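Visitor: The structure's right below; bear with me while I get my questions together.
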Amino acid sequence: MTVKIAHTADVQKFFEEVSGLNNDLGSPRMKLVTNRIVNDVARIIEDLQVTPDEFWKAVDYLNRLGSRQEAGLLVAGLGVEHYLDLQLDAQDAEAGISGGTPRTIEGPLYVAGAPMAEGEVRMDDGLDPGTVMFLQGRVLDEQGQPVAGAVVDLWHANTQGTYSYFDSTQSDYNLRRRIVTDAEGRYRARSIVPSGYGCPADGPTQELLDQLGRHGNRPAHIHFFISAPGYRHLTTQINLAGDQYLWDDFAYATRDGLIGELRFVEDAAAADARGVEGRFAEMDFDFQLLNAPKPASEARSKRPRALQDV
């Protein structure tokens, strides 16, 4: 049985000391957050009667999670990243803001600095034998008018479910591009149909999911950042219709309004007109941006990423 002492004056004074609340140095914000964390950990230990063996197993887990660089994967899998979106949705609702393309999670695999193109681009390096995909659409404002000069920053996995930069077998920035929309707000990309992926079977994220009786799979999807001066930055993704994990995404990223329909074309004449051989896929997807209530809304979050934003 765990004796409950976290609430006592002596222990609270001790927690204030370890959190730096009794000195004038450092960051007041970090002190406040740290004090809350140590208090909540203590109460978890007490309320759930966590044993020393369980506690040190958890410490070991965090060490292994960091060494595998899977913390970003775990927060998605535990729904915390989706919760941040729900919180932003609630803030918008309270402020009377509605409409536009829904936001959803960024995930941990963005890499800044992808090549920039005007209007149209090819994203793949031609080495993956996947099905050619033509993706196109428009960026629109709240009135449905085109937004010229918007930057469509998109990235997705290959047919093995892996991403360039994190997969050393792929060329630099493979399946990662930035497209500046034309005068009609249009973007066009030639790529390949992506595959979904699962958490590494031998990694700490899947280890915890196994304990929760959950799988670690994602449906096939395409990530987007959409930005333009005067408009709110949009972080979102399209999950592909028909995938078995479409509504069973371990990262909880599928949302109404964010499902893309691929059209597979078998016609040889159509393939010839597109400059490809054999079967290919097409998808149209438009994005609607909301006006930025303040300049800060135009920028993406400052979360740490693989490379510095450029």
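Visitor: Charges at C-beta only: +1 for Lys and Arg, -1 for Asp and Glu. How large is the resulting dipole of the stretch 96-298 about its Cα centre, in Debye rounded to 20? Write out the running numbers ahead of the final one.
Guide: Details: 17 positive and 29 negative charges, 93 e Å.
I would put it at about 440 debye.
Visitor: Would you mind checking the radius of gyration and Dmax of the stretch 9-106 based on alpha-carbon positions, in Å?
Guide: Spelled out, the Cα radius of gyration and Dmax of the stretch 9-106 are 18.2, 52 Å.
Visitor: So, how do all the Cα-to-Cα distances of the stretch 1-46 break down into 5 Å bins, in percent, from 0 on up?
Guide: Histogramming the stretch 1-46 at 5 Å steps yields 5, 25, 28, 22, 12, 6, 2, 1 percent.
Visitor: Ok, one more. Please report the relative contact order for the stretch 96-298, taking Cα pairs under 8 Å with a sequence separation of at least 6, and give it as a percent rounded to a whole number.
Guide: Numbers: 464 pairs, mean separation 56.6, N = 203.
Relative contact order, the stretch 96-298: 28 percent.
Visitor: Quote the charge dipole size of the stretch 127-241 about the Cα centre in Debye, to the nearest 20; the model charges only the Cβ of Lys and Arg (+1) and of Asp and Glu (-1).
Guide: Value, rounded to 20: 300 debye.
Visitor: Over the Cα atoms of the stretch 107-174, what radius of gyration and what Dmax do you get, in Å?
Guide: Considering the stretch 107-174 through its Cα atoms, Rg and Dmax are 14.1, 44 Å.
Visitor: Where the convex hull is taken over the Cα atoms of the stretch 58-197, what is its projected area averaged over directions, in nm²?
Guide: Computing the convex hull of the Cα atoms and averaging its projections yields 10.7 nm².
Visitor: Another question, if that's okay. Which three lengths, in whole Å and largest first, does the chain cover when its Cα atoms are put on their principal axes?
Guide: If we take the Cα atoms of the chain, the spans are 79, 44, 31 Å.
Visitor: Can you spot the lysines whose alpha carbon is less than 18 Å from K31's alpha carbon? Ignore those fewer than 8 places along the same chain.
Guide: K13
Visitor: Also, I was wondering about something else. Tell me, what is the Rg over Rh of the stretch 261-310, with Rh the Kirkwood radius over Cα pairs?
Guide: Rg/Rh: 1.28.
Visitor: Expressed as a rounded percentage, what relative contact order does the stretch 218-294 have, with Cα pairs under 8 Å and six or more residues apart?
Guide: It comes to 29 percent, rounded to a whole number.
Visitor: For the stretch 57-103, state the average projected area of the convex hull of the C-alpha atoms over all orientations, rounded to one decimal in nm².
Guide: 4.3
Visitor: Calculate how steeply helix 80-94 sits against the longest principal axis of the alpha-carbon atoms of the chain, using the helix alpha-carbon long axis, and give the answer as 0 to 90 degrees to the nearest 10.
Guide: The two axes meet at around 80 degrees.
Visitor: Another question, if that's okay. Please give every one of the aspartates and glutamates within straight-line cross-link reach of K294, meaning a C-alpha to C-alpha distance under 20 Å, and leave out same-chain neighbours fewer than 8 residues apart.
Guide: Of all the aspartates and glutamates, those that pass the test against K294 - Cα under 20 Å, at least 8 places apart if same chain - are D85, D89, D92, E94, D141, E142.
Visitor: Angle, helix 52-67 long axis vs. longest principal axis of the chain, Cα atoms, 0 to 90°, nearest 10?
Guide: Once rounded, one gets 30 degrees.
Visitor: If you don't mind, there's one more thing I want to ask. If we sort 101-108, 6-13, 224-231, 161-168 on the protection proxy, mean other Cβ atoms within 10 Å, highest first, what's the order?
Guide: 101-108, 224-231, 161-168, 6-13
Visitor: Now a separate question. Count the net charge of all other residues whose Cβ sits under 13 Å from the Cβ of A6, scoring Lys and Arg as +1 and Asp and Glu as -1.
Guide: Cβ neighbours under 13 Å give a net charge of -1.
Visitor: Would you mind putting 148-158, 247-257 in packing order, based on average other-beta-carbon counts within 10 Å, highest first? All intermediate terms of the calculation are to be shown ahead of the outcome.
Guide: Details: 148-158: 21.5, 247-257: 17.5.
For the peptides 148-158, 247-257, the packing ranking is 148-158, 247-257.
Visitor: What is the local net charge at D85, summed over the other residues whose Cβ is closer than 12 Å to its Cβ (Lys, Arg +1; Asp, Glu -1)? Numbers along the way, then the final one.
Guide: Numbers: positive: R103, R255; negative: E81, D89, D92, E106.
Net charge around D85: -2.
Visitor: Further question: With the Cα gyration tensor of the stretch 142-237 in hand, convert its eigenvalues to equivalent ellipsoid semi-axes via √(5λ) and list them largest first in whole Å.
Guide: Listed largest to smallest, the semi-axes of the stretch 142-237 are 32, 17, 11 Å.
Visitor: Which listed residue (G203, P146, P108) has the Cα farthest towards the positive end of the charge dipole for the stretch 96-298, taking +1 on Lys and Arg C-beta and -1 on Asp and Glu C-beta about the Cα centre?
Guide: Of the listed residues, the answer is P146.
Visitor: Could you list the square roots of 5 times each eigenvalue of the Cα gyration tensor of the stretch 157-209, that is, the equivalent ellipsoid semi-axes, sorted largest first and rounded to whole Å?
Guide: Equivalent ellipsoid semi-axes, largest first: 30, 13, 10 Å.
Visitor: Among I222, T159, I44, pick out the residue whose Cα is farthest towards the positive end of the charge dipole of the chain, where Lys and Arg carry +1 and Asp and Glu carry -1 on C-beta, about the Cα centre.
Guide: Ranked along the dipole, the leading option is I44.
Only the coordinates and a few stated rules stand behind these numbers; no lab work does. Source: prediction; values computed, not measured. Note that each Cβ is placed from the backbone with ideal geometry, even for glycine, and that neighbours are counted across all protein chains shown.
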